[in-house]
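Student: Mind looking over this structure? Questions follow.
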């Protein structure tokens with residue numbers, strides 16, 4: 001496998017460079033060349049990119065011969081997408097691939113469907129109105145003919161896509177490898193390292209872990225892996241007004257320069273004891289240091305988590321320029337009750353409890369993301385401990401016990417070691433990108449169109465469109481009747 005990187009050039013330039021690189025070299029019959037560029041998609045738009053890609057395939061095909069397979073590279077948006085137009089362009093290209101013939105459409109169909117699913121799962125916001133465009137696209141990758149695609153938009157298309165987790169990235173890449181092996185006859189290993197670990201570092205990354213008792217345990221696990229760690233916080237800390245004031249005072253005396261902040265704001269503010277009457281309270285600590293849940297274990301709502309996260313503004317201001325891993329709550333009372341009292345943790349162990357908790361914790365994480373987006377936080381990632389631990393509702397019981405331990409509140413030492421490894425991989429990889437760029441405007445979407453048969457995504461439609469929604473263009477102002485960006489079409493928000 002050869003990897004070539006060319007800065008600030010087009011796909012066509014890449015095709016010439018590859019053909020020059022392979023001049024005098026005869027590739028084995030059945031070799032595969034994948035061509036694609038996320039940067040070019042963003043720069044050119046779907047229509048121009050499709051024509052550029054088609055020309056590039058023809059150029060390489062003429063130089064390499066018919067024994068070499070040349071196919072479009074399905075992009076993996078590992079760093080996320082911060083532009084609504086680019087999200088739309090990717091989906092338009094997916095629909096174009098479906099229309100140009102069964103051979104090309106079928107080779108990477110699974111990968112393309114995984115891309116659409118990834119955009120949906122990692123998307124933020126939703127487009128609320130449609131714009132109709134006509135696309136004149138190549139009739140095939142090797143064709144000079146054109147076809148016309150009329151597009152009327154999407155229902156609920158995400159406005160942005162968050163950076164992908166290692167798990168999401170691995171699912172896309174492994175799917176692509178399987179498509180290559182099954183449909184192109186190549187032999188590629190599926191044992192791929194997705195740890196994102198960089199090479200030998202010249203200096204050790206310094207970490208500041210901020211939170212309650214779990215912060216200290218993660219800090220200890222990081223220290224055991226040779227990292228410089230400062231832990232700020234204490235057991236039982238909550239992100240209420242008083243707790244935030246105390247944490248802010250502690251942070252004022254810390255030198256945060258060049259360090260990575262690992263912030264665990266909602267660990268003790270996301271779990272409640274719910275009585276039979278529906279009254280909620282926080283778990284209570286007894287004289288032996290054991291936390292008790294009198295009644296059902298319940299997780300904070302999206303709105304509740306969002307309000308609590310908003311309390312943390314003064315803390316976030318102290319790490320404004322630092323890279324930040326903002327951790328969703330670590331699962332608690334997941335597999336074991338707080339004690340032997342039958343009136344405590346009454347729902348632990350019932351059918352659907354674990355799956356429900358993981359879903360609820362996911363929504364808490366989404367609430368944390370929403371606040372970071374609204375407050376325009378920079379250099380951050382919201383991460384999910386359940387994903388970092390590879391915790392699922394179907395995981396075998398002995399594996400759950402290895403991770404969660406026998407303490408309902410804290411993980412086992414192996415569990416914290418897994419979190420530490422995942423933190424190191426996310427932070428210290430050279431490819432790791434932290435989000436928080438300037439966002440697009442929120443838009444409105446009001447149309448309904450038939451769903452594509454056989455596709456599982458309810459928000460992608462049979463007739464797609466356009467070269468994007470350039471709000472600052474003359475065409476846009478003309479279309480809006482000269483009314484500018486606020487012509488009576490509903491709420492707008494700068495992102």
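Student: Taking the inverse of the average 1/r across all pairs of different Cα atoms in the range 357-425, what Kirkwood radius in Å do you get? Intermediate values should be presented prior to the final figure.
Tutor: Numbers: mean 1/r = 0.0744 Å⁻¹.
Across the range 357-425, the inverse of the average 1/r is 13.4 Å.
Student: Considering only DSSP beta bridges whose two residues both sit in the range 206-428, what percent are antiparallel, to the nearest 5?
Tutor: 30
Student: Output needed: percent of Cα pairs per 5 Å distance bin for the range 206-428, bins running from 0 to the one holding the longest distance.
Tutor: 1, 7, 15, 20, 21, 17, 11, 6, 2, 0
Student: Would you order 252, 323 from fewest to most other beta-carbon atoms within 10 Å of each residue's own beta-carbon?
Tutor: Values: 252 8, 323 20.
Fewest-to-most ranking of 252, 323: 252, 323.
Student: What is the order of 310, 217, fewest Cβ neighbours within 10 Å to most?
Tutor: Numbers: 310 13, 217 22.
By the 10 Å Cβ count, ascending, the order reads 310, 217.
Student: Could you line up 187, 124 from fewest to most neighbouring Cβ atoms inside 10 Å?
Tutor: 187, 124
Student: Can you give the FRET efficiency to the nearest 0.05 for residue 378 and residue 277, using r as the Cβ-Cβ distance and R₀ = 51 Å?
Tutor: So the FRET efficiency works out to roughly 0.70.
Student: Please list, short to long, the whole-number percent of alpha-carbon pairs of the range 59-124 in consecutive 10 angstrom bins beginning at zero.
Tutor: 18, 45, 27, 10, 0
Student: Using alpha-carbon positions, what is the distance between the centroids of the range 108-151 and the range 69-104, in Å?
Tutor: 6
Since every read-out is calculated from the coordinates, none of them should be taken as a lab result. All figures in this text were calculated on a predicted structure; none of them were measured in a lab. Cβ coordinates were reconstructed from backbone atoms using ideal geometry, including for glycine residues, and neighbour counts include every protein chain displayed.
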